[in-house]
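Below: the structure, in structure tokens.
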Amino acid sequence: MTILVITEPHDATADLVISELNQRGARVHRVDTADFPSALAVAAPFGGHGQRPGTLTDLNRETRLDDITAVYYRRPGPFRFPTTLDPYERRWAAQEARIGFGGLLTALPARWVNHPHAMAAADFKPRQLTVAADHGLTIPPTIITNRPEHARKFVADAPTGAVYKPFHARPYVDTDTQQVIALATTPVTADQITDAVAGTAHLFQHQVPKDHELRITVVGGRLFAARIDAHSDAARIDWRTDYDNLTYRPVELPEAVAAQVLAVTRTLGLVFAAVDLIVTPDGDHVFLEVNPGGQWAWIEAETALPIAAAIADHLEQS
């Protein structure tokens with residue numbers, strides 16, 4: 001039995017799970033898809049009634065594909081190809097690698113945390129909001145639009161203000177300044193919305209009165225809930241922008257909310273998820289989003305919630 005870990009080299013979060021598995025004596029093979037094809041190779045014969053035993057080989061070890069019983073899929077890098085390839089050749093090679101090499105991995109009959117197909121589908125925020133509402137969770141009044149006049153009216157009608165949220169929160173490189181920029185939740189007024197909104201889809205939400213927030217880490221059927229209290233104006237808008245002014249403590253979720261959160265992650269096909277909720281001053285729970293590959297190491301460090309052990313437990317299940 002081998003547990004395959006697919007992630008980038010400097011992933012401290014995955015390191016915690018690997019350390020836990022090593023302490024248990026589990027066999028772990030860690031790879032990064034960015035090493036394919038120069039330092040990572042696969043050979044998988046097919047014939048007769050299906051696939052015969054194949055191998056996954058890097059510079060240090062070789063693992064039989066049929067020995068892989070579980071996969072922890074975190075944050076692998078993109079395939080890397082020689083700089084001698086022209087842009088067309090690089091695109092062609094990347095597509096072949098995605099379908100060929102990636103297809104072999106995703107076809108493994110293993111226990112996944114999470115399967116990349118489920119992660120990709122769950123990453124769509126409109127789907128998350130729809131699924132959450134379908135399972136009875138309250139969601140903030142929201143509009144997704146590229147029509148500036150609709151956005152202005154929606155924001156103007158917000159009784160306690162509105163915010164803009166990016167669909168994809170990962171950093172990007174500004175082509176003019178070459179600076180790495182990460183978009184955060186941002187308060188917005190109607191007069192700030194320009195006709196540039198027409199250029200792509202945008203998500204606006206009414207602000208929800210907030211007492212505190214919850215980060216709920218889901219592992220299989222287990223929930224690890226941490227209360228997050230913000231102590232600065234920036235952190236109260238988006239706690240990811242000011243970690244220095246946050247405090248945490250473990251909490252128990254109301255049974256109904258716990259059942260709803262689990263129903264959402266199951267519908268999305270996720271074994272692991274980081275779920276964010278607002279708790280209002282009246283004690284109502286409001287769904288914000290699901291992150292299929294969300295960070296959790298700092299929550300474990302702050303609260304001692306045994307998340308790494310729970311992931312290891314799930315990977316080791318027979």
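The values are calculated or read from the model by the stated rules, or taken from the named source; none is laboratory data. This structure is a prediction, so every number in the text was calculated from the model and none was measured. With ideal geometry, Cβ positions are generated from the backbone for all residues, glycine too; neighbour counts draw on all protein chains shown.
Please verify whether Ala273 is in contact (Cβ under 8 Å) with a residue 40 or more places away in the chain and of a type outside the set (Phe, Trp, Tyr), treating the condition exactly as stated.
Criteria met by Ala273.
Answer with yes or no whether Asp11 is out of contact with any Ser or Thr (no Cβ under 9 Å at 6 or more places or on another chain), surrounded by 18 or more Cβ atoms within 10 Å (Cβ to Cβ) and of a type in the set (D, E, K, R).
Judged against the criteria, Asp11 is a match.
So if I check each of Ala225, Ala184, which one is modelled with pLDDT under 95 and either hydrophobic (A, V, I, L, M, F, W, C) or within 22 Å of Ala273 (Cβ to Cβ) (or both)?
Testing whether each residue is modelled with pLDDT under 95 and either hydrophobic (A, V, I, L, M, F, W, C) or within 22 Å of Ala273 (Cβ to Cβ) (or both) leaves just Ala184.
So, in the range 44-94, exactly how many residues are of a type in the set (Gly, Ala, Ser), at pLDDT below 95 and surrounded by 11 or more Cβ atoms within 10 Å (Cβ to Cβ)?
Of the residues in that region, 3 qualify.
Checking His202 against (1) buried (at least 19 other Cβ atoms within 10 Å of the Cβ); (2) not assigned by TED's automatic domain parsing to the domain that holds Ala158, which test does it fail?
So His202 meets the others, but not (2).
What's the number of the condition Asp242 fails, among (1) under 30 Å from Ala70 (Cβ atoms); (2) surrounded by fewer than 20 Cβ atoms within 10 Å (Cβ to Cβ)?
With respect to (1) under 30 Å from Ala70 (Cβ atoms); (2) surrounded by fewer than 20 Cβ atoms within 10 Å (Cβ to Cβ), Asp242 is out only on (1).
Quickly run through the range 105-149 and pick out the residues that are of a type in the set (Phe, Trp, Tyr) and out of contact with any helix residue (DSSP H, G or I) (no Cβ under 9 Å at 6 or more places or on another chain).
Result: Phe124, single match.
Which ranges mark the helices (runs of 4 or more DSSP H) fully within the range 89-158 that have 1 or more residues being within 30 Å of Ala34 (Cβ to Cβ)?
116-122, 125-134
Within the range 254-284, work out how many residues are surrounded by fewer than 18 Cβ atoms within 10 Å (Cβ to Cβ) and either on the phi < 0 side of the Ramachandran plot or among the aliphatic types (A, V, I, L, M) (or both).
Selection size over the range 254-284: 12.
State all residues of the range 159-181 that are exposed (fewer than 13 other Cβ atoms within 10 Å of the Cβ), in a loop (DSSP other than H, G, I, E, B) and modelled with pLDDT under 85; if no residue qualifies, say none.
His168, Arg170, Pro171, Asp174, Thr175, Asp176, Thr177, Gln178, Gln179 - these are the residues of the range 159-181 that are exposed (fewer than 13 other Cβ atoms within 10 Å of the Cβ), in a loop (DSSP other than H, G, I, E, B) and modelled with pLDDT under 85.
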